[in-house]
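Here's the structure, in structure tokens; my notes come after.
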Amino acid sequence: DEQDTCNMPKPRPLVVGGLELPKIITSWEDLSEFTVIFIIENVDDEDEKVSTSPQHRQYVNCMLCFLSLSNPPQGGYWIYSPSTKSLTTDVIPPSALHRQLKRRFFLTQKARDANVFGILVSNLSQQHLVQVVQSLQRIIQDADKSSYSFAVGKINPAKLANFAEIETFVIVACREHSLLDHEREYPVPVITPMELEIALGNLEWGAQAYSLDCQDVMIRQKDQKEETLDNDKSGDPNDREDSGEGDDDEDAPYFSLVTGKYVSKSNPTTAAASRDLDLKNLPGQGQVMEYKSEAANFLKQREYQGLESMVGQTEAKPAVQGLTGIASDYRGS
């Protein structure tokens, strides 16, 4: 028993807003016995200031985490202002944060109906961001969805509007920049990696603390892989039987809270291909490779697909010198 205890992995510390909690707090339930003190200037109950002010971004990240807990800190929240050297007790979380959390839930439900995801990365200099993108690509592929990765600079609505085939974007950034300013101006939902896992059914809303840390997706995948290896090594048939009990049909439709209708989980492109092809009757017993592109399928549905080349259909004429000058005064040759 002592040897098994030594081999057990050490529990990871809880992190809120990029700050590690003391080791005596081993679970989110333990946090309910404490009082949280923020060292920050007083926060006004205004939507714009709470969501966009740079000095309050960490405060917003922490409060979104606390508000998502089933047992929030019972001691309440205090704010100490360094400039005025005053302590405010019994702070009521701004109503803007409650609206923000509800908005995130709505975007997650809307992303649940998407089939084509775009992964946004603003900075590729950090190695862990590349690993996060690879993890997100595997998660989306396992859910039978399509994904495209975009390396962009500063994100704005005009840039994202150029990709009409993308139904939901997933932003890979630091905690302080995972929630975009003026998010309602974007044409499609822009969600975080954790919200993507909730939309695809890997996590459940409210079952864990809300987090904006994009590296959590890598940690969860690593833990799942280690758990799978441990189960394979143990070889307990009872565990395998229990894991199969109560599993829902993967192709069963689900009720969309956005449209108010039942929606099929299968990808329309994949479902159509499976209906049109009987792979067993093909040479090689169905061992074929099919190229699928959601972007190409979207292009076929558009009325305007760009200028037509019409090679061989247009009479070729010699080039002649045209007008010269400026836009307000063109002159002939």
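Checking each residue of segment 197-219 against the condition of being touching a residue at least 60 places away in the same chain (Cβ under 8 Å) and touching a Gly at 6+ places or on another chain (Cβ under 6 Å) gives no match. Selection within segment 116-140: residues that are modelled with pLDDT of 90 or more and under 16 Å from I166 (Cα atoms). The member of this set that is most open to solvent (accessible area, probe 1.4 Å) is Q137.
Looking across segment 150-178, the residues that are open to solvent by less than 20 Å² (accessible area, probe 1.4 Å) and not in a strand (DSSP E or B) come down to L160, I166, A173, S178.
Can you pull out the residues in segment 149-175 that are under 14 Å from V130 (Cα atoms) and either touching a strand residue (DSSP E or B) at 6+ places or on another chain (Cβ under 8 Å) or of a type in the set (A, V, I, L, M) (or both)? Break it down stepwise before answering.
Of segment 149-175, the ones under 14 Å from V130 (Cα atoms) are 149-152, 170-174.
Within segment 149-175, S149, F150, A151, V152, V170, I171, V172, A173 qualify.
On the basis of being more than 29 Å from R184 (Cα to Cα), at pLDDT 75 or above and either open to solvent by less than 60 Å² (accessible area, probe 1.4 Å) or part of a loop (DSSP other than H, G, I, E, B) (or both), does S27 make the cut?
On the way: more than 29 Å from R184 (Cα to Cα): yes; at pLDDT 75 or above: yes; either open to solvent by less than 60 Å² (accessible area, probe 1.4 Å) or part of a loop (DSSP other than H, G, I, E, B) (or both): yes.
Yes.
The values are calculated or read from the model by the stated rules, or taken from the named source; none is laboratory data. Here the structure is a predicted model, which is why all the values come from computation and not from measurement. Cβ atoms come from the backbone with ideal geometry, glycine included; neighbour counts cover every protein chain shown. These accessible areas exclude ligands, DNA and RNA; they are computed on the full protein's heavy atoms, side chains included. Shrake-Rupley method; radii C 1.70, N 1.55, O 1.52, S 1.80 Å.
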